[in-house]
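Some notes on the structure that comes next.
The values are calculated or read from the model by the stated rules, or taken from the named source; none is laboratory data. Owing to the predicted nature of the structure, the values given are computational and were not obtained by experimental measurement. FYI the Cβ positions are ideal-geometry reconstructions off the backbone, even for glycines, and counts take in every protein chain you see. SASA here: full protein model, heavy atoms, side chains in, ligands and nucleic acids out. Shrake-Rupley method; radii C 1.70, N 1.55, O 1.52, S 1.80 Å.
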Amino acid sequence: MDKKTIRDVGVQGKRVLVRVDFNVPLKEGDVADDTRIEAALPTIRHLLDGGAAVILMSHLGRPKGERVDELKMDPVAERLSELLDQPVKKLDDCVGDEVEEALEGMEPGDVVVLENTRFHPEEKANDPDFAARLAALADLYVNDAFGAAHRAHASTEGAAQAMREKGGAAVAGLLVEKELESLGKAVENPDHPFVAILGGAKVSGKIAVIQSLLERCDRILIGGGMANTFFKAMDFEMGDSLVEDDALDTAKSLLDQAGGKLVLPVDVVIAEAFDNDAKTQVVAPNEVPSGWQVLDIGPKTVATFESALKGAKTVTWNGPLGVFEMPTFAAGTFDVARLLAEIDGTTIVGGGESAAAVQQAGLAEQMDHVSTGGGASLQFLEGKTLPGVAALDDR
């Protein structure tokens, strides 16, 4: 962790602009899952305890640069107020005269939530003028949105640079600090045996991470839809299963590079249709009938993965191993989550669907680290620089 954090700067009497990841699911106008809001609480409370006035900004959904009523931050501010047990004011924009006037009256201990940053097209364009307007709202910039740190947007990269240009500091929050330390150990100095588990739908999105992990891992366990592309590359007929035909050559190359490190499913759960109530059966990967599709790993594969995980000192997991959103095809993902919960070594779960899976399985508390950023954690495991982190002040 070579970046400064909020522990390294004084905040007494300062207005602090914090980029948080409040991109939470909404249902009927309410926050359906407040995990990401809760993840930001340590940083918010640290700043409040230090005597700061806290200004929070985040994107929510994909409004494509336009104001969308259903994606306003009001429900988020309401839930945050409940969690902090204090009033939280929500503003109707994230820049502009009215925002500046509202913030002028802030006192230490106040918390304000700005409107969805993606209501402005300048956000995703990382427009320097827009970034400067955001930075002008405060004395100090904090990035605590690990889930958005792989995006070079105005609120993640541009505002940090603009804050520094005007003489202020740009530092990491406690959540980003925790993410970098937990994932950093897996990237830079993992204890061996080091096993990676990769799932999800597509190989194409994980090519770089597989190549990177092959250099550092002892084994890589493959599941989910991406396994189908490897099977097709081995000339197995996959029926109606999801297969990336344009990634077959890449899959063949990865199999050649792996030298036996890749562990593929030995049996799969197939269905006649992409439906929770469809007829199912368990077959070997080379026995998928025409018209059927692979939707989960089978019990023999879980046993194979269990053997591969025995004695592991470090395990990273990114991507579900089946269509776990449907109960019929969730067994493989949940069984592997249980295997990780029993491991004595360090267990690190990537964000996104992997995090959702361990939450649903009720096992999140038994993992050493559950990341809040799916795409960001993947890029970090690839060894890529995250723009939102790179823009922060060095120690």
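Kindly provide the Kirkwood hydrodynamic radius of region 229-317 in Å, to one decimal, from all pairs of distinct alpha carbon atoms. Working shown, then result.
Working: mean 1/r = 0.0703 Å⁻¹.
Value: 14.2 Å, from the Cα pair sum.
Counted by Cβ distance under 9 Å from residue 79, the other residues give a net charge of -4, where Lys and Arg count +1 and Asp and Glu count -1. Using only Cα positions of region 249-390, each an equal point scatterer, no hydration layer, compute I(q)/I(0) via Debye at q = 0.09, 0.10, 0.16 Å⁻¹ and quote the log10 values to two decimals. With no solvent term, the Cα-only Debye profile gives -0.31, -0.39, -0.97.
Summarising the amide proton neighbourhood of residue 93: residues at separation of 5 or more, or on other chains, whose placed amide H is nearer than 5 Å comprise 115.
Under 5 Å between amide hydrogens, built in the peptide plane, is the criterion, and for residue 22 it picks out 59 among residues at least 5 positions away or on other chains.
Among the lysines of region 224-330, pairs that are 8 or more positions apart or on different chains and have alpha carbons within less than 16 Å of each other number 4.
Here the Karplus relation 6.51 cos²θ - 1.76 cosθ + 1.60, evaluated at θ = phi - 60°, turns the backbone of region 334-347 into coupling constants of 5, 5, 5, 4, 5, 4, 5, 5, 9, 6, 7, x, 7, 10 Hz, with x for every Gly and Pro. Each pair of Cα atoms in region 324-390 enters the Kirkwood radius, and Stokes-Einstein at 37 °C and 0.692 mPa s then converts it into a translational diffusion coefficient of 258 µm²/s.
Per the Kirkwood formula applied to alpha carbons, region 1-47 shows a radius of gyration over Rh ratio, Rg over Rh, of 1.09.
Binning the alpha carbon pair distances of the chain at 10 angstrom intervals from zero yields the distribution 5, 22, 28, 22, 15, 6, 1, expressed in whole percent. Rolling a 1.4 Å probe over the protein heavy atoms of the chain, with every protein chain left in place, gives an accessible area that is 43 percent carbon and sulfur.
Per residue, how much accessible area does region 1-149 have with a 1.4 Å probe, in Å²?
Details: 6760 Å² over 149 residues.
Using a 1.4 Å probe on heavy atoms only, each residue of region 1-149 averages 45 Å².
Picking from 362, 40, 383, whose Cα lies most toward the positive end of the charge dipole for the chain (charges on Cβ: Lys, Arg +1; Asp, Glu -1)? Of the candidates, 383 comes out farthest on the positive side.
Over region 234-340, accessible surface divided per residue gives 46 Å², non-protein components excluded, 1.4 Å probe. Here the convex hull built on the C-alpha positions of region 13-148 has a volume of 97 cubic angstrom per residue. Exposure here means at most 14 other Cβ atoms within 10 Å; with GluC sites (Glu not before Pro) in a DSSP loop as sites, the longest stretch of the chain lacking them is 67-214.
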